[in-house]
Structures are given as C-alpha cells and as structure tokens.
1. Report the accessible area of B:Asp16, computed with a 1.4 Å probe over the heavy atoms of all protein chains in place, in Å² rounded to the nearest 10.
2. Report the residues of the stretch A:93-126 in range of a label on B:Arg59: point 7 Å along Cα→C-beta, backbone N strictly under 12 Å from it.
3. Calculate how many DSSP beta bridges within the protein assembly as shown are antiparallel, expressed in % of all such bridges and rounded to the nearest 5.
4. Would you please put A:172-180, B:134-142, A:402-410, A:105-113 in order of how densely packed they are, using the mean number of other Cβ atoms within 10 angstrom per residue and starting with the highest?
5. A 19 angstrom limit on the alpha carbon distance is what I want to check against. Which of B:Lys4/B:Lys105; B:Lys81/B:Lys105; A:Lys159/A:Lys451; A:Lys444/B:Lys58; A:Lys159/A:Lys311 exceed it?
6. Given points 7 Å out from each Cα along the Cα-Cβ axis, report the A:Lys182 to A:Thr294 separation in nanometres with one decimal.
7. Ranked from highest to lowest mean number of other Cβ atoms within 10 Å per residue, what is the order of the peptides A:295-301, A:455-461, A:284-290, A:149-155?
8. Charges on Cβ only, +1 for Lys and Arg, -1 for Asp and Glu, centred on the Cα centroid of the protein assembly as shown; of A:Ala421, A:Ile460, A:Ser178, which one is farthest towards the dipole's positive end?
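The values are calculated or read from the model by the stated rules, or taken from the named source; none is laboratory data. These numbers were taken from a predicted model, which means no experiment stands behind them. Reconstructed Cβ throughout: ideal geometry from the backbone, glycine too, with neighbour counts over all protein chains shown. Remember, those area values only see protein heavy atoms, side chains included, never the ligands or the DNA or RNA. Shrake-Rupley method; radii C 1.70, N 1.55, O 1.52, S 1.80 Å.
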Amino acid sequence: MTFIRKSLLTGAAGFAALPAAAQEAASLDARVNAVFADFTGPFVNLIFAPLPGTSFPWIVLWLVVAASIFTIYFAFVQLRYFGHSISLVKGDYSDPDDAGEVSHFQALATALSGTVGLGNIAGVAVAVGIGGPGATFWMILAGLLGMASKFTECTLGVKYRNEYPDGTVSGGPMYYMSKGFKERGLPGGGILAILFSVFCILGALGGGNMFQANQAHAQITQITGDYPGWITGIIFAAVVFAVIVGGIKSIARVTEKVVPFMGIMYVGAAAIILIVNYDMIGWAFGQIFAGAFTGLGVAGGFVGALIQGFKRAAFSNEAGVGSAAIAHSAVRTKEPITEGFVSLLEPLIDTVVICTMTALVIIISQQLIIDAETGNYVLNDAGSAIATVDGNSGVALTSAAFASGISWFPYILALAVVLFAFSTMISWSYYGLKAWTYLFGEGKMSELIFKVIFCIFIVIGAAASLGPVIDFSDAAIFAMAVVNITALYFLMSIVRAELNSYSARLKSGEIKKFAH
Amino acid sequence: MTTKLVIGLDGAGSGDRALDFASDLASRIEDCELVVAYVIEWSPFSFQTAEENAQRHKRREEEISTARERVVEPAVASLQKKGITAKGVVRHGDVAHTLNSICEKEGGHQIIVCRTSESGLTKRIFGSSTANLVMSATVPVTVIG
C-alpha cells in the first residue's frame, strides 16, 4: 500500500496551461474539492495533526508507540521467532495431509502484494530526499518494531475469523473486535468493529483505489504524454471489473505472478547497482548512521530525519492498520499464532529490505547534493528538502537514481508502478468487501453493489484531481489504525496466552516438523 | 504378504492402459492390492489473490470431490468388478513427489504410471512428471507407453 500524496508524483505545475474544456472540468473539480474539503477537513486535520511544536503527526507516533509496546510485551518476538517464521513459510510445520489449502507462503505473498508498491519506490525517495540518509536508519527501526504489530493483529485475525459451512472464510479486525471483546466480557467491541469497517471501506475506495488509479495514470502519462485520465480509469475499471465481478481469475493470476516478479526484478536491479558500487556501500551506511543522529544538515536536523523515517515506514508497511489481518486470515492452520509469526516477516521484507535497498541506491547514486567542504547535504531553495542533481523528488528521484546505474530501468519502473497499483487495487477491493459484508451481510447482491461502487471510484480516481478526497481516504486508513490498535491493546493478553502455550508445546516437542 | 501396487492416473484416457496393466499384473500375483492415486497439481508456493485464498478450502474440497467422482471411483469400481482389491487416494501436490509419498505411506512395492502428455516449455524446463517420478521414486516405477 502506498500513502504518497499525489502532489509528490504529479506536481502542481501542470495545472496552469489547460485548454478551455479542461479548465471547465478543472473548475468543477475545484468546486467538488471545496465542498468536500469543508466537509471532511476537520477529520483529516485531526488525523494528520502534528504534535504541538513539531511537524510530527501524532498518528505516526501512535503507530510507533504501539509497535514498541507490542515488541516489549511479547519480549522481542520478532527476533526470538524469526527463524521459526522462516521454517513456517518453508512449510516445515505444514501437515502434508493439508496440501491444497492456503499455505503460510501464499498468505504472506498475498498480503505483501497489497503492501509492496509505490511506498517502497517513491516513499523512500521522499524520506531520504527530505530527511537525508539518516531517515533510512529510523525507517529500518520502525520496520523492525512494526513486525510486532503485525504479529499481534494477524494472530487475532486467524483466531477470530468466521468459517462458513461452505468452507469460505472471512476474517479481520472487525471479527476480533466483536468476538474477542465478547469473549473477554468487554463492552464496545461491536462499536469498534463498525467504526473500523466504515473506515476500511472509505480507505479501500480512496487510498486503495482512487489514489492508486491516479498514480498509475500519472506514471503512464510520463511516458506517453498527457491524455484524459478517464481513459486510464475506464481501462483499469474494466480490468478490475473483469477480475472482481466477472470472476476472470486469469487476469488476477497473471498480475499476482507478475507483481512478485517485478518486485524481485526491482530488488535484483538494486542489488546489481549495489554490487557494482560495492566500494561505496560502507560509505552509504556511514551516511545513514551519521545522518540518523546528526541530520547531516537536513531540515530539522536528526529529528527531521527521524520523523521522515518513521512516517515512511509506517505508511509503507501498514503495521497496525489492520488490513494485513484480513489478508492473513484465510490461511489453513490449527495454530492461529503461526500466521502471526509468518506475518511479522512482512514489514521486514517491505521496509527493512526493499525500502533500505531503494535508499542505498539513492544515496550511492549521489543524486543528493553534498557540500564538499562541510560534508553536509545542501538544501533546495525553499529549504524544505535536499537539493538533487536534476531537481527530482519522489518517484522521479528513485527513477533517476536507478537510471544512473541501469539507463533503461525507468521504463521497467513505470511498468512496475502500474502493476503495483493494479495489484494494490485488487487487494484493497477484497479488504473493502470484507468490511462491507461485515456491515451489510454476506450475499451476492450486497457484494455486487460494493464491487460496482469500487469500479466507479477507479474512474473517478484516475480522472479527477480530488486532493481533499484523497486526503480523506488516507485519513480513513489511519483512522483504521486508531480503532485497530485500541482493540489490540485490549486483546493482546489473548495473543500472549497463545504465544506461551505454543512456545511450551514447541519446546516439549509436541509441535514438530513434518517430514516432506 | 500383500503386494501393493500404486497406479498413478492423470485423468486422461491413457490412464486406462495403466489400469489394464496393473489389473493384469495383480491377477498374476496371489495376494495383491491396488491403490489408485490421483494427484491434483498444486504448489504451496504459488501466488493467489486474497479472494482466492478465502475460497481455497471450498475449492479444494470441490477438486477432491470431482477427482474422486470422475477419475478415482470409476477406476476402483472397474478393478473391484474384476475381483481385485483396490482403493482410491486423491491428494494435492507435486505429482512425482506426491505419488512417491503415497506409495511410501501405503507401503507400496511399485508405482505404475502412463507416459504423460505434457509438452512444450513446461516439459523442457521442468521435465515431465513421469520423468521426475522415475528419477526420484524410492520404489521401482513402470511406465506404460
């Protein structure tokens, strides 16, 4: 999932020289924007409000504090059970008689396809471009802490999922909120579940849909030249419609195969650049550590680096948001906690590995301008970010960094962004649908209504420049985290009981590897 | 001691030749049991959408049920009609690996399969299921042409 403000990708400059019809459409957009902004502004401002005297959004602190608490509460589960998590993904503990069911690997890959995306490509560039190389250190730290949040929510997601008589499953925070609270005799679970579902639907339609369509269109026009966004929107909507309504799974299967391939290709390209420049890796890590504690001249010093690193990690890996709990709950396992172990690999892959590689490529490519005398980074004219060689920021900075090593890579990158956007839309259509059916009940008609609404929003997202709508969508996704983490605090003792029980049985040999 | 032979079927017409060969062999052995196996090709490392994951258990049951009804049960019935002791097994997994696992679990002495109809790129890259079985099996394998 990606939470990069649209302006980072499209820029504000293109608004000036529009023809008359476009200006009319733009003024309509502007009116919609104004009405919508008035209506949703207070909510958006509340979610993204900075802590007093800083530019640090309280919601990021909320996510990082929760991740730290879970890390301590579960005694660094992400370190202690890392090896066991790998064994689970490899299938060492999977009963051969369960072959054909959803494996741990499949649940992890599906969840990753919803999180790995533009956040790893453009989001890191934003973090490093503003916070300097030091932001990478804090991003890695936030990713490592976020592993505990994923562990908590995904364990509960499997434990309290609904299994229907026909064999299908529905799971996610709304189910552990209602069932878990009831089991513990706590009030308010139902209300939290409804709140979460509402925010999840809004987040799915916005951040998981309109925003993705918008980004994909922005990327395509960078290669093809400008054309109306509704064309991209209709094509995307038709393909998504074919997958989620028409049931043409072959398209989804192709995407689900191509997206991991693109991810591997992206990491592979980064690895090649790093290998070719192996003599600079030590220097790059030196910049990361020095920048983490001194800032190396970036705006806001080391605190600026810390804010950017934490923000981008939280926005990229979705730990604590609750979406992963929906994705992971389909796995077939007798031990819910095993899916918790597997899910903790998600922030590791998304943030610690992929985001760090992006950051290293940007640092090593020397796109960020350094003052030769002081060794500090040079700020741009506005003093808000580090000056870059060609004035690039966001995805353009990542693209330029890769192009310095592999000249044709920007084309691959553009394709990757479009495919990641499509994959994220498919994932979020499911998350939104699960929230929708929780509120309005399971049933073909109910599901069809949501799916059609979802496709309509793709066209709107690609065609319009509805900044406030997108702001609201992002705010809705983070509102999911407010509700979800509140519930996790009340239910984390259940996860600890599961952990203690599993740990004891693992040590005693009751739980053992299967011979494959 | 009962001699157990495992017959691997792939749902194609060529499976009948394997069945005929196995039943002929069984009739020559005094105490022989046949295990008719059908493996649904599946990998735990494939990629699926979230919706496919949610429906996977249901689909798996449907796949097993279809394989039983259309392939395994008719084959077992035809063998039993000939007076041969037979049972059916349906499993998901890699065909070669799973057939061998079934044979080991059942205490089989031999695996009988037909030459498979795989062709093209898949066969060139990964080899056919039959070839893989011949190379990896822990018991003798008879391949019917």
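1. Rounded to the nearest 10, that gives 90 Å².
2. A:100-103
3. 20
4. On the way: A:172-180: 27.3, B:134-142: 14.8, A:402-410: 16.6, A:105-113: 25.1.
Highest to lowest by the protection proxy: A:172-180, A:105-113, A:402-410, B:134-142.
5. B:Lys81/B:Lys105; A:Lys159/A:Lys451; A:Lys159/A:Lys311
6. Label-label distance for A:Lys182 and A:Thr294, simple model: 5.9 nm.
7. Ranking the peptides A:295-301, A:455-461, A:284-290, A:149-155 by packing returns A:149-155, A:455-461, A:295-301, A:284-290.
8. A:Ser178
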